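*Asks:* Supplied in structure tokens, the structure appears directly below.
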Amino acid sequence: MSTYSTIKRFLAGAVCPRCEAADAIVVYSREERDFRECVECGFVDEMHFAPQAREPDTRISDQTIKADDEQVVKIVSLPSGRPR
Ligand SMILES: [Zn+2]
């Protein structure tokens, strides 16, 4: 399972480990894997998360959408026909 959307979004406060550019890191998911990429130098790295990093399926929360992100991305994969 991937943590991020396939849509690239900026990771606020992240610093590129290669060129040390601030706020230049985008995160995205490809084929169930999570990557981070620097838009300045093209650095790409696969990210690994602990299995429990993903929220339990029993509780739908919108708190994972951070309002202070540089680029707000609308999450369109809302569950359908599901009681809150
Ligand atoms: Zn970089």
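*Asks:* Would it be correct to say that residue 14 is at pLDDT below 95 and of a type in the set (Gly, Ala, Ser)? Even if it seems obvious, please write down each step before you answer.
*Replies:* Details: at pLDDT below 95: yes; of a type in the set (Gly, Ala, Ser): yes.
So residue 14 fits the description; yes.
*Asks:* Here is a follow-up. Could you count how many residues in the stretch 1-20 are under 11 Å from the mean Cα position of the chain (by Cα) and part of a loop (DSSP other than H, G, I, E, B)? Write out each step before concluding.
*Replies:* Taking the stretch 1-20 and keeping what is under 11 Å from the mean Cα position of the chain (by Cα), we get 2-12.
From what's left, part of a loop (DSSP other than H, G, I, E, B): 2-8, 11-12.
Matching residues across the stretch 1-20 total 9.
*Asks:* Here is a further query. Using the structure shown, decide if residue 14 is buried (at least 16 other Cβ atoms within 10 Å of the Cβ) and near the ligand (Cβ under 9 Å from one of its atoms). Steps first, please.
*Replies:* Numbers: buried (at least 16 other Cβ atoms within 10 Å of the Cβ): yes; near the ligand (Cβ under 9 Å from one of its atoms): no.
Criteria not met by residue 14.
*Asks:* Across the stretch 19-32, what is the number of residues that are at negative phi and surrounded by 14 or more Cβ atoms within 10 Å (Cβ to Cβ)? If you could, list the steps in order and put the result at the bottom.
*Replies:* Pass one, the stretch 19-32, residues at negative phi: 19, 21-22, 24-30.
Retained after the next criterion (residues that are surrounded by 14 or more Cβ atoms within 10 Å (Cβ to Cβ)): 21, 24-29.
The number of residues fulfilling the criteria is 7.
The values are calculated or read from the model by the stated rules, or taken from the named source; none is laboratory data. Note that the coordinates shown come from a computational prediction; the quantities given were computed from them, not determined experimentally. Using ideal geometry, Cβ is built from the backbone for each residue, glycine included, and neighbour counts are taken over all protein chains shown.
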